[in-house]
Amino acid sequence: MSQLIYKNYISGEFKSSDNLFDDISPYDGSIVARVSEANKADVDVAVRSARKALSGVWSEMTLDSRCALISRVADEIDNRFDDFVSAEIADTGKPLNQAETIDIPRGAENFRFFSNYIKSMGTELFDSQTHDGAKILNYSIRKPKGVIAVIAPWNLPLLLLTWKLAPALAAGNCVIAKPSEETPGSATLLAEVFDKVGFPAGVFNLLHGFGPASVGEYLTKHSGIDAITFTGESSTGSEIMKAAAPGVKALSFELGGKNPAIIFDDADLDAAVNGTIKSVFSNCGQVCLCTERVYVQSKLYERFMEKFTLQAEKLIENWPEGDASNFGPLISEDHRKKVLDAFSKASSDGGNLITGGGVPEFSDKRKSGFWIEPTIFTGLDEDSEFMKNEIFGPVCHVSQFDSEDEVLQMANNTDYGLAAAVWTTDLKRAHSFSAKLDVGIVWINSWYLRDLRTPFGGTKLSGIGREGGHHSIDFYSEISNICLKL
Ligand code: NAD
Ligand code: 6OD
């Protein structure tokens, strides 16, 4: 069988490269495709083409026709739903059900949502007077920011890439998308969709490659890029900030987390157990919002631990399309090594391993994949490495607490500030406690429920700015104020 080659999409044309790298499937280590790494010259061509479209054909389109084209992307993702699901599964190993109910539908919804949302947005107007009584009118107008570099991670490949592309395009920008080198598949299909629905050349470009000394770095240092929107590790965010500093480029960052779940004595125990199983182990723990620190109030602790451990041990590590599979592998061998090292360090720091901690045994080709066991620790010090650093795997530590003040201090004792889950039936406490958590997003008696109009993002090491609704459109817009003396 001939090998699948993923190409770049530059100025409306698919282009391969002599520099190919492997796209490896995490469930059995097989090669899914060979990927064309773009070079510096490709980046230059893509940026030039994007700038040309920005000041030409794309800016000449009415908002209605631009949005109609964007919503056709959503329709075409729906038409090729199965292809997208297969590409996402091949690249990530995530269970079929997750790709079918979360990743791909949200990928389409991001385009549908922003193409409608922007049409209902207004701008500010202030009606006032000068000291000598003349009337003045100040109003603002929204313009595209320019050419945007969109740099995405591998954990929710289509969902997170389109979460940035859709508002950037709706606001009238041209884009250069760089998916993660680990997950180039669904982004390549997306380029086919843009091509098919008839986007003008240069408005959407796709470049495959790596970060340092590759497409990521070339884009972040390029003088023709006006803004960078990035989702990934906090340390990468820091590198990108340095690269962008000389050009003073606008930055939007969605970074890592070390998210707490706080379970009070009065919580609905089954709901808290089921919800925490989801918040710790979804996507094999590879969601920035996943819980890695669980705090349970003393009276509920024993019963919580018993049910929680039992359920973690029931997760099913099957082939993505296998029966009842609900737990996939980690993304790569390197990442598995990092997660296993964190397990060893937790044990040597005095942690009690409650369940998991290793690699599951298989007698089929999954032996060559990057599987790992759902893992729970207790007994670690709040200042241990495990409790400080994001692990990004299927693991949590469970601690006990007595008072609200004590758990608030523990939950906020981190350099990250992305998300938290609070489980309680006392709604007064739920509201007042949530407001004191130093995070961008709190879920009460739930986890990862989404309304795309709401602000999404983190404090401290977890990011800069917010995405969602007008927050996204504001980042991708340059606002000019016009002052008129009447
Ligand atoms: P990563 O930072 O390693 O890579 C993300 C992207 O950045 C990739 O496309 C990569 O090629 C590129 N990149 C790497 N180095 C670069 C450089 N120097 N210059 C430019 N580009 C560079 O992240 P990852 O491992 O793909 O994703 C996992 C991380 O992402 C976790 O830390 C997770 O918490 C975070 N994340 C955060 C959110 C959020 O919304 N806050 C969402 C998903 C993932
Ligand atoms: O749902 C979203 O919009 C979003 N940005 C999710 C991020 C998940 C992180 O891994």
Residue-level accessible surface for residue 454, protein heavy atoms, 1.4 Å, Å²: 60
Helical mean residue ellipticity (222 nm; -39500 (n - 2.57) per DSSP H run of 4+; nearest 500) of the chain: -11500 deg cm²/dmol
Under 5 Å, built H, 5+ apart or other chain: amide partners of residue 425: 266, 267, 268
The chain - accessible surface per residue (Å², probe 1.4 Å): 41
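Taking Rh as the Kirkwood radius, which is the inverse of the mean 1/r over Cα pairs, what is the Rg/Rh value for the range 34-100? Numbers along the way, then the final one.
Numbers: Rg = 17.0 Å, Rh = 15.1 Å.
With Rh from the inverse mean 1/r over Cα pairs, Rg/Rh is 1.12.
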Ranking by accessible area, most exposed first, for 431, 222 with a 1.4 Å probe: 431, 222
Neighbourhood charge, 9 Å Cβ-Cβ cut-off, centred on residue 103 and excluding it, Lys, Arg +1 and Asp, Glu -1: 0
5 angstrom amide H check on residue 250, placed H, neighbours 5+ away: 228
Ranking by accessible area, most exposed first, for 28, 438, 127 with a 1.4 Å probe: 127, 438, 28
Per-bin percent of Cα-Cα distances, the range 54-171 [5 Å]: 2, 10, 16, 17, 15, 11, 9, 7, 5, 3, 2, 2, 1, 1
P(r) histogram, all alpha-carbon pairs of the range 113-210 included - 10 Å bins from 0, percent: 14, 37, 23, 12, 8, 5, 1
Column: log10 I(q)/I(0), Debye, Cα scatterers of the range 221-336, q = 0.12, 0.15, 0.20 Å⁻¹: -0.63, -0.81, -1.06
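Send over the semi-axes of the range 259-451's equivalent ellipsoid, whole angstrom and largest first, taken as the square roots of 5 times the C-alpha gyration tensor eigenvalues. Can you show the working numbers first?
On the way: eigenvalues 152, 63, 47 Å².
After diagonalising the Cα gyration tensor, the semi-axes are 28, 18, 15 Å.
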Semi-axis lengths (Å, descending) of the ellipsoid that matches the C-alpha gyration tensor of the range 311-361: 24, 15, 6
For residue 400, residues with placed amide H under 5 Å, excluding near neighbours: 296
Table column - 3J(HN,Hα) (Hz), the range 131-145, Karplus curve with 6.51, -1.76, 1.60, x for Gly and Pro: 5, 9, x, 6, 8, 10, 10, 10, 9, 10, 10, 9, 10, x, 6
Out-of-range pairs (alpha-carbon distance over 30 Å; input 258/314; 15/258; 40/337; 94/119; 299/338; 196/367): 15/258; 40/337; 94/119; 299/338; 196/367
Reachable aspartates and glutamates from residue 249, criterion Cα separation under 12 angstrom, eight or more residues apart if same chain: 226
Radius 12 Å from Cβ of residue 348, net charge of other residues (Lys, Arg +1; Asp, Glu -1): -2
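Sorted by average packing, counted as other Cβ atoms within 10 angstrom per residue and highest first, what order do 5-14, 354-363, 245-254, 168-177 take?
168-177, 5-14, 245-254, 354-363
In square nanometres, what is one fourth of the surface area of the convex hull spanned by the alpha carbons of the range 274-384? Don't skip to the end; give the middle numbers.
Details: hull surface 30.4 nm².
Quarter of the Cα hull surface area: 7.6 nm².
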Three-way shape call for the chain based on the alpha-carbon gyration tensor, with the a/c threshold at 1.5: oblate
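For the chain, what relative contact order do you get, as a whole percent, if you take Cα pairs closer than 8 Å and at least 6 residues apart?
About 19 percent, as a whole number.
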Inter-site label distance for residue 20 and residue 59 at 7 Å from Cα along Cβ, in nm: 4.1
Sequence of 319, 154 from largest to smallest accessible area, 1.4 Å probe: 319, 154
Sites residue 365 and residue 83 - FRET efficiency at Förster radius 25 Å, r taken between beta-carbons, to 0.05: 0.60
Within the range 334-486, percent of DSSP bridges classed antiparallel, to nearest 5: 45
Whole-Hz ³J(HN,Hα) from phi, Karplus 6.51 cos²θ - 1.76 cosθ + 1.60, for the range 350-361, glycine and proline x: x, x, 8, 7, 7, 7, x, x, x, 10, x, 9
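The values are calculated or read from the model by the stated rules, or taken from the named source; none is laboratory data. What you see is a predicted model; the values in this text were computed from it and never measured. Every residue, glycine among them, receives a Cβ derived from its backbone with ideal geometry; neighbour counts consider all protein chains shown. The area values use the complete protein model at the heavy-atom level, side chains included, leaving out ligands, DNA and RNA. Shrake-Rupley method; radii C 1.70, N 1.55, O 1.52, S 1.80 Å.
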